[in-house]
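Beneath this line is the structure, given in structure tokens, with notes to follow.
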Amino acid sequence: MLILLPPSEGKFSPRRGKPLSLDALESPELTGARATLLAALVDLCANDPDKAAAALGLGPTQAHHLDGNTLLHEAPTARADKIYTGVLYDALDLATLTGAARGRATRWLAIMSSLFGVVRPSDAIPSYRLSGDTNLPGIGIVSSYWRDHLDTVLAPAAGNGLVIDLRSSMYAGFWRPSPEIAKKVATVRVLHEHNGQRKVVSHFNKATKGRIVRDLLLDGRKPETPTALAKHLTDLGWNVELHPVTKTGQQLDVVVSEL
């Protein structure tokens with residue numbers, strides 16, 4: 001089973017830790033692509049800060065992000081599951097998982113990363129500032145750049161198992177599963193129901209996705225199809241509605257009324 005997660009814009013900045021080693025990251029097939037993008041980002045932030053600020057969407061009070069990006073080669077690193085913060089990761093709370101659940105997180109979770117393409121929870125990375133819609137000189141739109149590289153990693157990782165796609169729309173563009181893999185892709189949407197009306201609310205969406213992933217990691221069972229996943233989540237106490245199959249997979253709506 002493969003669970004695809006978005007990164008977080010907010011990140012923890014470690015004060016100590018080993019410097020980045022691209023060769024030590026999972027998915028060595030991406031090392032060359034990672035090195036090229038990293039060099040382009042560092043060069044832009046170091047040599048043309050005004051252009052970098054515009055490309056990264058940074059205001060005058062956010063100059064420290066440029067400084068951080070110029071030092072990515074020597075900045076201290078920490079596990080990716082510590083670097084990424086925010087509502088989804090707070091609800092997922094990977095740091096408190098132990099034993100088998102912790103091992104499943106390492107095997108099942110894949111986090112989209114604008115800088116590294118995709119990382120696993122145990123990968124040691126620095127804090128950085130870069131989003132998927134950035135148009136980076138020499139690279140182009142970051143999401144398009146990674147779309148040309150990630151299939152060699154994620155298609156084998158998906159294999160014949162279920163793919164649970166929890167990515168936001170921006171990061172969904174990093175990798176689009178082939179039609180064969182799409183047959184086993186379950187895309188999860190969270191709807192907040194209030195006074196008989198349903199809508200997507202960012203906070204509910206992120207927090208609920210984090211809790212769903214935590215429930216799956218703690219339970220340990222591996223549903224093999226989107227239909228089986230819908231039943232499994234229902235058994236775990238979630239209110240799930242299954243949409244018809246499409247060429248990109250099958251959507252599951254998880255309906256919540258409160259956090």
Estimated dipole of the chain in Debye, rounded to 20 [Cβ of Lys and Arg +1, of Asp and Glu -1, Cα centre]:
500 debye
Which whole-number percent is the relative contact order of region 157-229 (Cα, under 8 Å, 6+ apart)?
35 percent
Helix-only [θ] at 222 nm, the chain, -39500 (n - 2.57) per DSSP H run of 4+, per residue, nearest 500, equals -11000 deg cm²/dmol
Gap separating the Cα centres of region 169-191 and region 206-259, nearest whole Å
14 Å
Filter the DSSP H helices in the chain by two things, a Kyte-Doolittle mean of at least 0.0 and an axial alpha-carbon span of 20 angstrom or more, and list the hits by number.
31-47
In the neighborhood of Ala95, defined by Cβ-to-Cβ distances under 10 Å, what is the net charge if each Lys or Arg adds +1 and each Asp or Glu adds -1?
+1
Relative contact order computed over the chain (Cα-Cα under 8 Å; 6+ residues apart), in percent
23 percent
So what's the convex hull volume per residue for the Cα atoms of region 1-130, in Å³?
110 Å³
Just add up the charged neighbours of Leu30: K/R +1, D/E -1, any other residue whose Cβ is under 14 Å from the Cβ of Leu30.
-3
Out of Tyr128, Leu229, Leu25 - ranked by how far each Cα lies towards the positive end of the dipole of the chain, with unit charges on the beta-carbon of charged residues - the top one is Leu229
Between Asp219 and Ser144, what is the label-point separation in nm under the 7 Å Cα-to-beta-carbon projection?
4.0 nm
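Every number here is computed from the coordinates shown, using simple stated rules; none is lab data. Fair warning: this is a prediction, and the values are worked out from it, not measured in the lab. Ideal geometry is used to build each Cβ from the backbone, glycine not excepted, and the neighbour counts take in all protein chains shown.
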